[in-house]
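Asker: Shown below is the structure under consideration.
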Amino acid sequence: MSDVKIKVTDREGILHEVDAPTDMNMNLMEVIRSYELAPEGTIGICGGMAMCASCQCYVNSAHDIPEKSDDEEAMLSEAYFVKDNSRLGCQIPITTDLEGFEVELAPEEP
Ligand code: FES
């Protein structure tokens, strides 16, 4: 079992450092949910299909993560509060490359 440490700033601006497992086929949205860093029902609404943007976060570190798919690109083009460093958390798999990864949750969709 191997974990990576990830820093997540929640929607209240509170920084959490969490251990994310790299061997459980999880994505960032699922890790954030499992630590209850956003209230139930406000994140992961579509179940990780790149269809809701409730898992939007801002990436604040220069880690190598997969490029956006067309679906993610399309969803972000319709979402609120999008910035240049916006990503959908459900589209970021937890891998050993993510040690020290830093993200901030985007505000809840209106
Ligand atoms: S959970 Fe819906 S887009 Fe990520």
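The values are calculated or read from the model by the stated rules, or taken from the named source; none is laboratory data. The model shown is predicted, which means the values in this text are computed figures rather than measured ones. Positions of Cβ are generated from backbone atoms using ideal geometry, with glycine treated the same way; all protein chains shown enter the neighbour counts. Just so you know, the surface numbers come from the protein's heavy atoms only, side chains and all, with ligands and any DNA or RNA stripped out. Shrake-Rupley method; radii C 1.70, N 1.55, O 1.52, S 1.80 Å.
Asker: For residues that are hydrophobic (A, V, I, L, M, F, W, C) and open to solvent by less than 30 Å² (accessible area, probe 1.4 Å), scanning just the range 36-50, find the one that is nearest to the ligand (Cβ to nearest atom).
Answerer: Ala50
Asker: Of the conditions (1) within 14 Å of Pro107 (Cα to Cα); (2) β-branched (Val, Ile, Thr); (3) more than 16 Å from the ligand (Cβ to nearest atom), Val82 fails just one. Which one is it?
Answerer: Going through the list (1) within 14 Å of Pro107 (Cα to Cα); (2) β-branched (Val, Ile, Thr); (3) more than 16 Å from the ligand (Cβ to nearest atom), Val82 breaks only (3).
Asker: Looking at the structure I just gave you, is Ala53 buried (at least 17 other Cβ atoms within 10 Å of the Cβ), away from the ligand (no atom under 12 Å from the Cβ), among the small types (Gly, Ala, Ser) and modelled with pLDDT of 95 or more?
Answerer: No; evaluated as a whole, the condition is false for this residue.
Asker: Restricting to the range 25-62, what's the tally of residues that are assigned to a loop (DSSP other than H, G, I, E, B) and either in contact (Cβ under 8 Å) with a residue 60 or more places away in the chain or touching a helix residue (DSSP H, G or I) at 6+ places or on another chain (Cβ under 6 Å) (or both)?
Answerer: Qualifying residue count, the range 25-62: 11.
Asker: Still on this structure: Quick check: is even one residue across the range 16-35 within 14 Å of the ligand (Cβ to nearest atom), surrounded by 11 or more Cβ atoms within 10 Å (Cβ to Cβ) and of a type in the set (Gly, Ala, Ser)?
Answerer: yes
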